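What follows is a short report on a single structure.
The values are calculated or read from the model by the stated rules, or taken from the named source; none is laboratory data. All figures in this text were calculated on a predicted structure; none of them were measured in a lab. Reconstructed Cβ throughout: ideal geometry from the backbone, glycine too, with neighbour counts over all protein chains shown. Quick note on the areas: whole protein, heavy atoms, side chains included, nothing else; ligands and nucleic acids left out. Shrake-Rupley method; radii C 1.70, N 1.55, O 1.52, S 1.80 Å.
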Amino acid sequence: MVFNKKLPFLTVILCVVLSSCSGRPDEQAGTSTVTSTGSGTETSTTTNTSTTTTTSGSPVGGATSSVLPEVNYPDPGPYQTVLMKDGTELMQGRFEPGKPGGALVRVSVGGDGPKTFNPWVGQDSFVIELGGLMYRGLLQVDYFTGEMIPDLAAEFREEPDHVTYFLRLRKGLKWSDGKPITAQDVVFTWNTLVAGGYGNTSVRDVAMIDGKMPTITAVDELTTKFVTAKPFAPFRRLLSEPIAPKHAIEPVLKGADGRENFERLWDTNANPRTMVTSGPFRLSRYKSGERIEFTRAPNFYMVDKAGAKLPYLDKIVYTIVPDVNVLLMRFKAKEVDVTIVRGRDATDLLKDESKLNFKLYNFGPHIGSSFVVFNMNNRDNPKTNQPYVDAVKSKWFNNTKFRQAINHAINRKRIIANYFKGLGDPSFSCFSNTSPWLNKSLPAFDQDLDYSAKLLQEAGFVKKGDELFDKDGNRVEFDLLYGAGGTYYPALAGMLSDDLKALGIKVNQQELSFNVIQDRMQTKKDWHAMLFALTDDPLDPHGGANVYRSNARLHIFDQRDMDKSGTIVAKDIRPWEKRIDEILDAGAVEFDKAKRRALYDEMQKIIYDEAPYSYLVAQKSIVGCRNTVKNFVPTPLSQTIVGVHNVEEIWKDPLAAAEKAKVPSAS
């Protein structure tokens, strides 16, 4: 779920979404059979490096299963520009002309809905997806090639010095209120919102080089000049950041409590009519816990090959359901057009493709990560002068051997077999199994409870009967948080609790809404352990800087406090965190691919050894889509947006099989 055209940094997957069937997966083209093959027999040995029990001959990300052929639609070629008589420059669509009208029905699983509609504030993938319907950036990802291509910008030029970039906006662009989109909006977005640390600072975390932000100036009414402090390899990927309407937002920032008011701007209580947008759709209605409606925007700058205005759809509707089972029921009842499908449901659904007039699409392995993470924050809350995390538990969580013991106790094969029905692979790296930057030299390993027990003993823990105690006599017990609404996290929490029970560790499972988890993680900072997930940037390794850098806003395992300016100053960095910071700085300015790979291989090895995250499994991404949805041409890279990367050109065929998707009543 993420219609927006950006993949520049890691984003939070709504906790129910990842594997529970409502998040970033997708899938492909139809055969009538599903096959699954095991990875073969493996023997467990102990390596001499990094105290790791490994699986011989099994590199990270080795294939274990297959389901349906992966999507492989041909590249339609670049977008063309249509010059109108008044000089307006419109973007021409790439697919066959369709018919206007109709609604595309989607589903959001769990919780009451989004926390905000402000894309510069939101931090989870669902808010970013909704923001992508309403706001556009200078460049966008081409989901066929992975290249960055023009969007709001008509022209993009990178100078040979690799520090200077020029971008010219399309002529005639307008905000939804009719005011022109100009270079001043671009300058405001970058110099004020991004550099000023307003809202979500992820782009700033990634864009900063040696502590310096790029300088952005307006050359003329439509052209902006970007200059980075040094040559910055991934910079062009950041140019998909949505551009903000200066005339609508600047007065909010200049008023009293501007920073706090910006956090509340266009939240879920806002009147949709007050939102000034640039994308193909506008928010028209939101009812908490029930539905979100978007309607076609009047001033969008695309036309189809026949010259008709885009988008085709009158509406996009999200219905909010409590769990994945309700989602599956509604999809079978033809009340949902496009949805993620759990691998465990794929076999049965394949039997119903013809009868229910849909098709399953396989996008390949998921391009994100799911993991267990412990709260390693060992600081005091300045408001209470008490530790954020209980001091006893904090000692455990900050012990590398404790974290490694947990990592080696996880039975990933059981997760794949029992939950995903064999349609997945173990994960051991902070990069997804499909990433071209994956360090394949990191050894995979099977569950090894004996090895885990040995690590715990070396760390001073003692098992008495069926219970584990630390050296001071404290029973080892912690709370494990996970997102409500899905079936994956409860199942995973149960299996993980069983695994750790064998070591004498008691796990207290807590299922919470995503918004509550986000508050616990970033505001209260009082949690113990968490099951979590992030979407990945599969094309550039620097995309994780907003997570792995020590002063990043999503440095989940040790979230540091921001000052009033929105800046995080990390003063108590662990030596290995410092080395990761150095690698990210060096990798950002390195253009030699081999040298860059060596740096990111080292970063992966550090995270593998220190185990701040215990990575779990990479499931297959499968999406079901009604045959009434036309111009649905998914690609593996578009799995984060369930294949709807060309939402402007999606249309509904009213004559396709008496199937009209039932748009839920707006009562």
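Okay, residues lined up against (1) assigned to a strand (DSSP E or B); (2) at negative phi:
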| residue | (1), (2) |
| --- | --- |
| TYR143 | no, yes |
| GLY146 | no, no |
| GLU155 | yes, yes |
| ASN191 | no, yes |
| ASN200 | no, yes |
| VAL206 | no, yes |
| ASP220 | no, yes |
| THR224 | yes, yes |
- Looking for whichever is within 21 Å of ASP161 (Cβ to Cβ), among the β-branched types (Val, Ile, Thr) and either crowded, with 18+ Cβ neighbours inside 10 Å or in contact (Cβ under 8 Å) with a residue 60 or more places away in the chain (or both) here; the options are ILE249, ILE209, ILE243. Which one fits? ILE209
- Output for Cβ contacts, cut-off 8 Å, separation at least six or different chains, first residue surrounded by fewer than 22 Cβ atoms within 10 Å (Cβ to Cβ) in the range 627-638, second assigned to a helix (DSSP H, G or I) and among the acidic types (Asp, Glu), reads ASN631/GLU649
- Pairs, first closer than 17 Å to ILE641 by Cα in the range 348-366, second surrounded by fewer than 20 Cβ atoms within 10 Å (Cβ to Cβ) and of a type in the set (A, V, I, L, M, F, W, C), C-beta under 6 Å, six or more apart: TYR361/ALA29
- Query: Being open to solvent by 10 Å² or more (accessible area, probe 1.4 Å), without any contact (Cβ under 8 Å) to a residue 12 or more places away in the chain, among the hydrophobic types (A, V, I, L, M, F, W, C) and out of contact with any Ser or Thr (no Cβ under 9 Å at 6 or more places or on another chain), is that true of even one residue in the range 119-130?
  - Reply: no
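Okay, residues lined up against (1) in contact with a helix residue (DSSP H, G or I) (Cβ under 8 Å, 6 or more places away or on another chain); (2) of a type in the set (S, T, N, Q); (3) part of a strand (DSSP E or B):
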residue	(1), (2), (3)
PRO74	no, no, no
MET91	no, no, yes
ARG94	yes, no, no
PRO97	no, no, no
PRO100	no, no, no
VAL107	yes, no, yes
ASP112	yes, no, no
PRO119	yes, no, no
PHE126	yes, no, no
- Message: Would you confirm, using the coordinates I've provided, whether ALA618 is modelled with pLDDT under 95, hydrophobic (A, V, I, L, M, F, W, C) and either assigned to a loop (DSSP other than H, G, I, E, B) or surrounded by fewer than 20 Cβ atoms within 10 Å (Cβ to Cβ) (or both)?
- Response: no
- Item | Residues satisfying the stated conditions in the range 270-290, i.e. modelled with pLDDT under 95 and either surrounded by 20 or more Cβ atoms within 10 Å (Cβ to Cβ) or among the polar types (S, T, N, Q) (or both) | SER288
- Query: Which of the residues belonging to the range 568-591 are touching a Lys or Arg at 6+ places or on another chain (Cβ under 9 Å) and part of a loop (DSSP other than H, G, I, E, B)?
  - Reply: VAL569, ALA570, LYS571, ASP572, VAL589, GLU590
- Quick one: count up the residues across the range 423-467 that are assigned to a strand (DSSP E or B) and open to solvent by 20 Å² or more (accessible area, probe 1.4 Å). 6
